[in-house]
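Undergrad: Attaching a single structure in structure tokens format; questions to follow.
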Amino acid sequence: MKCPNCGTETNDMEKVCSVCSTPLEGDTSAGGEEKNQVPADTPAAPGAEAAETAPEASQATPEVTDESPAAPAPDTRAYIPADPPAGGKKNGGKIVLAAAGIAAVAVIGGGAFFITRMLNAKDPKEVVIDAFKNVYSEEQTYPMKEIFGFEELAESSLTGDVEAGLSLVLDSCSEAQVDAYKGLGMELDEKLDRTSGQFSMDLAAIYNSMDLLTLNMYYGNDTLMVAMPELVDQVFVADLGEGLAERVENSPTLGPLMETEEVDVEGLMDYIRELMEKAQSEQTTDPYGIQGAWTRYQEGCKAQEKFKAALTVEKSDKGRYLLDGQEVQCQGYRVHISKDSMIEFLRESSDFFLQDEELKETYLENLRTGTKLLELTGSSTSSAEELQKEVYDTLSEQAEMLIDRLDQGMQDVDMQVFVDKKGRLAALEGTTNLVQVDETTVPVTFAVNLKGGTYLTQNAWAQVTMDRPLEPVALELEKTGAYDGSQLDSSYRIVCNDVEIHLEGNYTVEGGDYSLSGNVVYEGRDQGSLEIAGVVDQLEKGKSIHLDMDQIRLEITEVPFELTMSGDYYIGPMTGSVSELQGETMDVFAATEDQWQEVFMRAFFSLMGIMGQLEM
């Protein structure tokens, strides 16, 4: 027997269809086809009879007139559909099954979605830690880096052939005695050819655009050359190659002097050669090993991990903060930092840096370079190792003293941290207490709002207050900035009680115009200012830059005093080549005492003549 509703095969013992729950009470015709029987007390469904004889007509809407009989009252009992017309598709049950399947999928899928969300949800502590770590994320656009590429420029200047220059000229001064020398200035130009191992420097005192006094230097192929053409005609030459110590000892002037002073000539000459070689090969932005020590600290010291583990973080109320020019809703987190965890963090961090062997060795090498000259001339009684130990002992004592003082004076810190949907730190508010030496408790409050922009900290506000009984302290920082690809603006406002500092900078990408300014205000009165304005007229990002400083203006209001200067600065790949100085040479090691006296007298009279020109 088949179900009259969905057509499912059933056995004679079943009273209800196992698929669609339709009662199975009808009889079976001889042909095996089931006839749907409607109970006598159940009114037939409107149109059901017509559907048996005219399937097409059953789809039409019957015309309703005033004479039409009233429709029977709706039956509130479960409606059992009639058999589908002969030859028609038995899809009523399939629709029911499909709907049930869709509902089941929706329920299961929705449940799975929420379960997945719960399983993948970050721990509140990780959310807060990541928010702090990503404040200065490399994924952000930093205008100064995007426009100028200073990091690449610094790297190329340490590894390639480079040249740089600076000039400054006095334009005017409110002080008459200084103003008399307007037009006086200096120019510095350097070239470093690492490929050939050559270096040159030209340093000049200028007056009204003319060279007043010049110092020229050249080094290459173990030869040092120095000239001062406005003072003397000779080019002084020193061969620093092999046999240097012997040349010094045999010098008519330097030899007796070294012997009198009991100088280790060979050691001193080796030291000079070492300095020259180091100057040529120096290609690092970390000569003291600080960056390397920091990397080792992050990779090997457990202080940070322990500090993170000690944090207590839990969700709290949400808050709304201004971020990227819009008010956004942020999730709040309560953060508790215990004093003990902070002190442990400071102690372990301090111990790591003080015990880092590579940092110690780098410092010792720099110390040896600085003290070797004193040792060679007999001016030092302590070795570099002894001086290093003294310095490290002092640092260790001071660090311990500071941490002990913090241990006595600090208390736990409680914060409310707010993170936006992107995981960015939007704001924080916190409180703690400091205990002074006299055991007075000083409440401390602090707050930060990172307002975003091109990068998260481009617009920001921060405040710290210490409610000291006699001298309360309030420190406030406000930073504003904007960058749209063509114009960069930035300003800072720093306030500490009665002192207020303003800093401002603007740069136009298209024309290269820039301005920098800063001023100090005390108790509402302007104390002074510094302004620099000009144009970046040459720029190749990460490779070279040339900027004119059209005006450098310094003003001290209280004196009053005003001074203006102008100049330029450039750095980039070396142009041209480095060559030896030209002119009559004088061997500094072979020169006699009479030759040196003649040089000194000539230089003295030339210098007097230059000074006379300045007094005109």
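The values are calculated or read from the model by the stated rules, or taken from the named source; none is laboratory data. As the structure is a computational prediction, the values presented were derived from the model and not from experiment. Here Cβ is always computed from backbone atoms with ideal geometry, including for glycine, and neighbour counts include all displayed protein chains. Surface accessibility is based on the protein's heavy atoms, side chains included, excluding ligands, DNA and RNA. Shrake-Rupley method; radii C 1.70, N 1.55, O 1.52, S 1.80 Å.
Undergrad: LYS339: net charge of surrounding residues, Cβ under 11 Å, Lys/Arg +1, Asp/Glu -1, itself excluded? Please list the in-between numbers first.
TA: Working: positive: none; negative: ASP340, GLU344, ASP407, ASP412.
Counting the neighbours of LYS339, the net charge comes to -4.
Undergrad: Another question about this same structure. Along each principal axis of its Cα atoms, how long is segment 158-291 end to end? Whole angstroms, biggest number first, please.
TA: 54, 43, 28
Undergrad: Taking 0.36 nm per intervening residue step and subtracting the Cα-Cα distance, what contour gain separates SER515 from THR431 on full extension?
TA: Values: separation 84, 0.36 × 84 = 30.24 nm, distance 3.90 nm.
Extra length from SER515 to THR431 when fully extended: 26.3 nm.
Undergrad: What lysines could a cross-link reach from LYS372, if we take a straight Cα to Cα line under 30 Å and drop same-chain neighbours fewer than 8 places away?
TA: Within the straight-line limit of under 30 Å, LYS372 reaches these lysines: LYS191, LYS278, LYS360, LYS389.
Undergrad: OK, next. Between ARG347 and LEU158, what length in nm is gained on full extension when 0.36 nm per residue of separation is reduced by their alpha carbon distance?
TA: 64.4 nm is the gain from fully extending ARG347 to LEU158.
Undergrad: For SER579 and ARG273, calculate 0.36 nm times their separation in residues minus their Cα-Cα distance, and state this gained length in nm to one decimal. Don't skip to the answer; put the middle values down first.
TA: Details: separation 306, 0.36 × 306 = 110.16 nm, distance 2.05 nm.
Additional length available on full extension: 108.1 nm.
Undergrad: Something else now. Just the C-alpha atoms of segment 458-616: what Rg/Rh do they give, with Rh taken as the Kirkwood radius?
TA: On the way: Rg = 25.6 Å, Rh = 21.4 Å.
Over the Cα atoms of segment 458-616, Rg/Rh equals 1.19.
Undergrad: Just to confirm, what accessible area per residue do you get for segment 359-455 at 1.4 Å probe, in whole Å²?
TA: About 56 Å² of surface per residue is accessible.
Undergrad: Once the other residues with Cβ under 14 Å from the Cβ of GLU305 are scored (Lys, Arg +1; Asp, Glu -1), what is the net sum? Before the final figure, lay out the partial values.
TA: Working: positive: LYS125, LYS133, LYS302, LYS306, LYS308; negative: GLU126, GLU299, GLU344, GLU348.
With Lys, Arg at +1 and Asp, Glu at -1, the net is +1.
Undergrad: Using only the Cα atoms of segment 230-347, build the gyration tensor, take square roots of its eigenvalues as a ≥ b ≥ c, and label the shape rounded, prolate or oblate: rounded if a/c is under 1.5, else prolate if a/b is larger than b/c, else oblate.
TA: Prolate shape, in that a/c is at least 1.5 and a/b is the bigger ratio.
Undergrad: Moving on to the next point. Can you give me the distance in nm between label points at ALA474 and THR440, each placed 7 Å from the Cα along the Cα-to-Cβ direction?
TA: 1.9
Undergrad: Please report, in whole Å, how far the alpha carbons of segment 410-469 spread along each principal axis, starting with the longest.
TA: Extents along the principal axes, in whole Å: 46, 18, 12.
Undergrad: Leaving out ligands, DNA and RNA, what percent of the accessible area of segment 526-587 is carbon and sulfur, probe 1.4 Å?
TA: 52
Undergrad: Hey, another quick one. In terms of Cα to Cα distance under 26 Å, which lysines are near enough to LYS422, apart from those fewer than 8 places away along the same chain?
TA: Leaving aside lysines fewer than 8 places away in the same chain, those within reach of LYS422 are LYS122, LYS125, LYS133, LYS145, LYS308, LYS315, LYS318, LYS451, LYS479.
Undergrad: Label segment 568-616 by shape, choosing from rounded, prolate and oblate, from the square roots a ≥ b ≥ c of the eigenvalues of the Cα gyration tensor; if a/c is under 1.5 it is rounded, and otherwise prolate applies when a/b is larger than b/c, oblate when it is not.
TA: Oblate, since a/c reaches 1.5 and b/c is not below a/b.
Undergrad: Can you find, among THR223, LEU257, ASN208, the residue sitting farthest towards the positive end of the charge dipole of segment 180-285, where Lys and Arg contribute +1 and Asp and Glu -1 at Cβ?
TA: Comparing the listed Cα positions along the dipole, ASN208 ranks first.
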